Amino acid sequence: MGGEARVSDQVVSDLVKGAAAGDQRAWDQLVERYAGLLWSITRCHGLPDAEADDVHQTTWLRLVERLETLRDPARVGAWLATTARRESLRQLSRRAREVPGIAHDRPEPPGLPAAEERHRSLYAALTALPGRCGRLLRLLAATPPASYVEISAALGMPIGSIGPTRARCLGHLRKSLAPRGATT
């Protein structure tokens, strides 16, 4: 398994170097590889679509600005995760300073299909989880899945605590879904 990680690290490093040299295909592959991670990080912070898109674009812009000076190109995923987390927090900070007045929530459409209602119930349970549980579980469910290194960078938590925290968070989620009959 260690050999697979080194090959993957080398592939990522080569993509970063290629993108820095102007190779559009290398850049496209980086975006394809990490776009899901960035999207899940913005969602973990509860940003609506427009703000999440701003953070997503700003994160990629920051990478373009620093592409040639990254200390460890193989760890670009962790760098992107950290940058997206910081940009998400900046966005939340800006929002907190805004004067409330316009409701940004969309009204619920009547008669949602059962699957969509379950999805909304699960999302509501995830957002109600204590601490960073909801953010952690959403990152773990991202497509493609985020690595523990990327999750560590995104949430600012030690890699060794991700597994035990995940187990506790899933327990909290099961308990919150049980009264709704959605645990099956």
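Details
- Qualifying positions in segment 155-170 - of a type in the set (A, V, I, L, M, F, W, C) and farther than 23 Å from Thr83 by Cα: Ala167, Cys169, Leu170
- The number of residues in segment 10-64 being surrounded by 19 or more Cβ atoms within 10 Å (Cβ to Cβ), assigned to a loop (DSSP other than H, G, I, E, B) and either acidic (Asp, Glu) or touching a residue at least 60 places away in the same chain (Cβ under 8 Å) (or both) comes to 1.
- From Arg85, Arg71, Arg90, residue being within 30 Å of Trp27 (Cβ to Cβ), loosely packed, with under 11 Cβ neighbours inside 10 Å and at pLDDT 85 or above: Arg71
- Considering residues of segment 131-156 that are surrounded by fewer than 16 Cβ atoms within 10 Å (Cβ to Cβ) and in a loop (DSSP other than H, G, I, E, B) only, the residue modelled with the lowest pLDDT: Thr143
The values are calculated or read from the model by the stated rules, or taken from the named source; none is laboratory data. All values derive from a computational prediction rather than experimental measurement. Cβ coordinates were reconstructed from backbone atoms using ideal geometry, including for glycine residues, and neighbour counts include every protein chain displayed.
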